[in-house]
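Comments concern the structure below.
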């Protein structure tokens, strides 16, 4: 049997857990940054078990959040507004 592993890496990562109450629902989000991809973050919706990888430039694209996190427009706008503040203040790192 052939070994079909394409990649097997261990990386240091910073994880920030954020919970907030929006008008639509409660959001429990994990934001993962690693040394591997400096311009990308993994956004995990812990309530819906959905995740997406976003480049810093994609944080302004509300349709991206709608599609990949399976949110309606209102939820996507709430999450986008909150995450825009998180990314713009540069505090995605764990304190």
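Values computed for the structure shown
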{"read-out": "Count - residues of region 13-59 that are in a strand (DSSP E or B) and in contact (Cβ under 8 Å) with a residue 60 or more places away in the chain", "value": "7"}
{"read-out": "Looking only at region 50-62, and only at residues there that are surrounded by fewer than 13 Cβ atoms within 10 Å (Cβ to Cβ) and over 12 Å from the mean Cα position of the chain (by Cα), the one that is nearest to residue 72 (Cα to Cα)", "value": "60"}
{"read-out": "Meets criteria (closer than 19 Å to residue 77 by Cβ, touching a strand residue (DSSP E or B) at 6+ places or on another chain (Cβ under 6 Å), surrounded by 14 or more Cβ atoms within 10 Å (Cβ to Cβ) and modelled with pLDDT under 90) for residue 18", "value": "no"}
{"read-out": "Condition check for residue 18: under 10 Å from the mean Cα position of the chain (by Cα) and at negative phi", "value": "no"}
{"read-out": "Tabulated pairs, region 1-12, first within 18 Å of residue 37 (Cα to Cα), second surrounded by 10 or more Cβ atoms within 10 Å (Cβ to Cβ), C-beta under 6 angstrom, 6+ apart or interchain", "value": "11/34; 11/36"}
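The values are calculated or read from the model by the stated rules, or taken from the named source; none is laboratory data. All values derive from a computational prediction rather than experimental measurement. Don't worry about glycine lacking a Cβ; one is built from the backbone with ideal geometry, like all the others, and counts go over all protein chains shown.
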